[in-house]
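K.L.:
I am attaching a structure below and will ask some questions about it afterwards.
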Amino acid sequence: MRRSLGLVLIGLSLLGAALVAATAIPLRAADGPGTAAATPVLRPPVAPKIPTIIREPGGERTDPYHWLANRDDPAVLAHLAAENTYAESRLDPIRPLIDEIAGEMTARRAPRETSVPYRDGGFLYSRRFAEGAQYPVIVRRPDTPEGAAGAEPPEEIVLDVPALAAGHAMYRLGRWQPSPDGRRVAFMVDFSGDRQNRLFIRDIATGAVTEQGITDGAESFAFAADSTTLFHVRREPVTLRGFQVWRHRVGAPSDHDVLVYEERDPTFSVAVRRTKSRRYILIESEHEEASEIRYLAANDPDGTFRVVEPRRPSLRYDIDHVGDTFFIRTDLDAPDFRVMTAPEATPGAAHWRELITERPGHVLHRVEPFRDFVAVDEEHEGGIRIRVLRLADRREITVPLPAGIGVATTGFFFGGFGGNREPDSSVLRFRFSGPLQPERIYDFDMATGALTLRRDEPAPWLRPQDYRVERIAATAPDGETVPVTLVYKPALRRPGGNPTLVVGYGAYGYSQRPVFNETAFSLIDRGFVHVLAHVRGGHEKGERWHRDGRGLAKKNSFTDLIAIGETLIARGIADRRAMFARGGSAGGLLVGAVANMRPDLFAGIVAEVPFVDVLTTTSDPSVPLTTLEWVEWGNPQDPVQRAYIASYSPYDNIEAKAYPAMFVTSGFHDSQVRYVEPAKWVARLRERRTDTRELLFKTDMGAGHAGRSGRLGTVRESAEIAAWLVTRAGAAEPR
């Protein structure tokens, strides 16, 4: 809501008075990060209370900190700056430890890196980082036999990202795609972290990069077969929902583009892509519980898109195409998904035939079709395995996978590059990672059964035998068994429990996957037990696990995390004086809600870009993602759902009581969880909490939801959080 000039001036005056009144006070060891008692620091910033009436479907309410939503208000910028200054002053005494941990995290990244080449359209593509580089160079060479002297064909640069990023404080390369004729590459760039991408096209031979005038772009586009027609998606300027598909001719002004589809339902978003066969362009309209896909022959870019299967409630599907067959992954009569096939002439549901059946509790996440085989990624208990089926006789082929807890996938869940682009290939590329296993890349010949290790990520600093991975379970109040994954160093185990960090998320069906996390070892090597909390809201136990942690069942996620914390203490794993919880985005909601429900359970909370003002955000359809996520969080226009959201929203349930120590972060350009949510949350915590424990709030004024761009962009923030946790554990208070 726009505030009057008078209220703005009042805010500036009050904030100015608060800043002028700031004085140095002694830092007590119990309050801060283990520093000498006489270290001078600033007083915590105090946000002025300016009552604002918010009108929502449920009526009116007054919010004294809603003024912080006005990002153009000088008082808002001044307040964020004051919070940053205060946080820096509190962190200053532990700079040596921060530097030490940042050095460890940087050293654990390979100084240089080159990916395994993959085939696509007659070329072998690869990506490499020069030593110390923040951004990669993407190169390719023709996929032809070596010459008589054994020399490789010449290499050419597809995208020199370090050169393109030069001079930009933020440069996040999004999706990129070569044209079918191989002459051009289209790519998306986010220059601020707010997901409002700009589209560029580069002539690979000459290196010339042209801006096609396409802004407000979603990270979604596809070349037609002629290599001069590009379909792309635009976002709504306010909500950032992908809602329009346009047809663009390379070289023509963008104002000549033709609108080919507009998604008018605000609860659906739209994307565009090309099938694996390269023969069809797809427009995908997605809702959390429904899908609708349109298809067009790629060699007929001026043609009309046709619907595969009309949208209807509780029908989700995605498709791909190889040979003369559409492959469909769908939840039709199968909540955990199954795989169907259909002729390309009649792809509708009436012609779907089952290829891979549903296995309850095992979610089929991804389908990778080939001419003679089909592979699927199947998740269970947080791990992912790969299943391969030979199409000729539908016989399942065993894929030899590394033993132990981990994730094997044909996709790119943890930073992969390249993939399975060639439909006629019999070789499946997949990657495996586990808590003690850096990423390995394999090629599996589905015809012969041969498995070839193509890359074993080096980690000379890691001795896996010095660590242990365990899976235990906690019992939730309703009797549900909640999986818990532990990583620790047995030699550092202590009687009575260790410092412990519990990491959770629990939303959208995204599981806490047990993959390699090099940054965690800075804590583990200092005696921490690192815990993955597989709370409801993810897909660890199938779609049921997701549904039991969303909407009117969302509180199950919170009570699951509480049960995990209690179990870790009861089993002597965690020292109750030094047990911490960490969550980002929707995981920030998780730890924020638990801080209200059980403030005595965790010694500290790390909330990164936390989604904590749930009632306000879900009540405002103009806020990015709101209408797309009513199924996940509930629609406040329904009185029952509104009351339920209000009963757990962290911001709305802060009380006058003692809270854990907290480290809170945000990104000023974040469009997924706006900076105002943690800013309001921290302001109200400062107002109402009765304790004097640490409360730090840092806003990165040059970043968005994912933090700083670049390979090492988030190292410093990660090091600050780790150092803060280590120091808090050393100065643990009796609880």
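K.L.:
Which of the residues spanning segment 345-366 are outside any strand (DSSP E or B) and either of a type in the set (D, E) or surrounded by fewer than 16 Cβ atoms within 10 Å (Cβ to Cβ) (or both)?
P.N.:
So in segment 345-366, the residues outside any strand (DSSP E or B) come out as 345-352, 357-358, 360-361.
A345, T346, G348, A350, H351, T357, E358, P360, listed by residue number.
K.L.:
Could you check segment 450-493 and list, in sequence order, the residues that are surrounded by 12 or more Cβ atoms within 10 Å (Cβ to Cβ), touching a residue at least 24 places away in the same chain (Cβ under 8 Å), of a type outside the set (F, W, Y) and more than 19 Å from I564 (Cβ to Cβ)?
P.N.:
Hits for segment 450-493 are L451, R454, R455, E457, A459, L462, P464, D466, K489, L492.
K.L.:
Return the only residue of D255, D265 being part of a loop (DSSP other than H, G, I, E, B) and either without any contact (Cβ under 8 Å) to a residue 24 or more places away in the chain or under 18 Å from T228 (Cβ atoms) (or both). Break it down stepwise before answering.
P.N.:
Numbers: D255 fails: part of a loop (DSSP other than H, G, I, E, B).
When all the criteria are applied, what remains is D265.
K.L.:
Same structure, new question: Quick one: is T85 at pLDDT below 90 and of a type outside the set (G, A, S)?
P.N.:
Numbers: at pLDDT below 90: no; of a type outside the set (G, A, S): yes.
No; evaluated as a whole, the condition is false for this residue.
K.L.:
Identify, by number, the condition in (1) within 20 Å of A593 (Cβ to Cβ); (2) modelled with pLDDT under 90; (3) buried (at least 24 other Cβ atoms within 10 Å of the Cβ) that W681 doesn't meet.
P.N.:
So W681 meets the others, but not (2).
K.L.:
Would you mention how many residues in segment 247-272 are more than 21 Å from the chain's Cα centre (by Cα), under 22 Å from R183 (Cα atoms) and crowded, with 18+ Cβ neighbours inside 10 Å?
P.N.:
4
K.L.:
Which of (1) in contact with a helix residue (DSSP H, G or I) (Cβ under 9 Å, 6 or more places away or on another chain); (2) of a type in the set (A, V, I, L, M, F, W, C); (3) more than 28 Å from A603 (Cβ to Cβ) is the odd one out, the single condition A474 does not satisfy?
P.N.:
Among (1) in contact with a helix residue (DSSP H, G or I) (Cβ under 9 Å, 6 or more places away or on another chain); (2) of a type in the set (A, V, I, L, M, F, W, C); (3) more than 28 Å from A603 (Cβ to Cβ), A474 violates only (3).
K.L.:
May I ask you to list the residues in segment 450-484 that are aliphatic (A, V, I, L, M) and within 29 Å of R108 (Cα to Cα)?
P.N.:
Matches in segment 450-484: L451, L453, A459, L462, V469, I472, V484.
K.L.:
While we're here: Just to be sure, is L532 farther than 30 Å from G496 by Cβ, touching a residue at least 24 places away in the same chain (Cβ under 8 Å) and of a type outside the set (G, A, S)?
P.N.:
Values: farther than 30 Å from G496 by Cβ: no; touching a residue at least 24 places away in the same chain (Cβ under 8 Å): yes; of a type outside the set (G, A, S): yes.
No, not satisfied.
K.L.:
Within segment 320-340, does at least one residue satisfy the condition of being in contact with an Asp or Glu (Cβ under 7 Å, 6 or more places away or on another chain), modelled with pLDDT under 95, assigned to a loop (DSSP other than H, G, I, E, B) and surrounded by fewer than 19 Cβ atoms within 10 Å (Cβ to Cβ)?
P.N.:
no
The rows are residues; the columns are (1) surrounded by fewer than 20 Cβ atoms within 10 Å (Cβ to Cβ); (2) more than 27 Å from the chain's Cα centre (by Cα); (3) assigned to a loop (DSSP other than H, G, I, E, B).
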| position | (1), (2), (3) |
| --- | --- |
| E368 | no, no, no |
| R371 | yes, yes, yes |
| D377 | no, no, no |
| R387 | yes, no, no |
| D393 | yes, yes, yes |
| N420 | no, no, yes |
| F430 | no, no, no |
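K.L.:
Evaluate segment 489-496: report whether one residue or more is in contact with a Pro (Cβ under 7 Å, 6 or more places away or on another chain) and over 27 Å from L590 (Cα atoms).
P.N.:
If we filter segment 489-496 for residues that are in contact with a Pro (Cβ under 7 Å, 6 or more places away or on another chain), which is where we start, we get none.
No: segment 489-496 contains no residue that is in contact with a Pro (Cβ under 7 Å, 6 or more places away or on another chain) and over 27 Å from L590 (Cα atoms).
K.L.:
If I ask for residues that are closer than 19 Å to I654 by Cα, β-branched (V, I, T) and touching a residue at least 40 places away in the same chain (Cβ under 8 Å), which ones from segment 570-623 would you list?
P.N.:
V591, I605, V606, V609, V612, T616, T617
K.L.:
Across segment 508-549, which residue is farthest from P438 (Cα to Cα) among those that are in a loop (DSSP other than H, G, I, E, B) and of a type in the set (G, A, S)? It would help to see each step written out before you state the result.
P.N.:
Residues of segment 508-549 that are in a loop (DSSP other than H, G, I, E, B), as a first pass: 508-509, 511-517, 525-528, 534-535, 537, 539-542, 548-549.
Now narrow it down to the ones that are of a type in the set (G, A, S): 509, 511, 527, 537, 542, 549.
Values: G509: 25, S511: 19, G527: 21, G537: 27, G542: 26, G549: 31 Å.
For segment 508-549, the residue satisfying everything is G549.
K.L.:
Can you run down the residue pairs with Cβ atoms below 6 Å, 6 or more apart or on separate chains, where the first is in segment 46-75 and over 19 Å from T618 (Cα atoms) and the partner is buried (at least 19 other Cβ atoms within 10 Å of the Cβ) and small (G, A, S)?
P.N.:
A47/A683; P48/G11; I50/G11; A75/G11
The values are calculated or read from the model by the stated rules, or taken from the named source; none is laboratory data. Here the structure is a predicted model, which means the values were calculated and not measured. Glycine also receives a Cβ, built like all others from the backbone with ideal geometry; neighbour counts cover every protein chain displayed.
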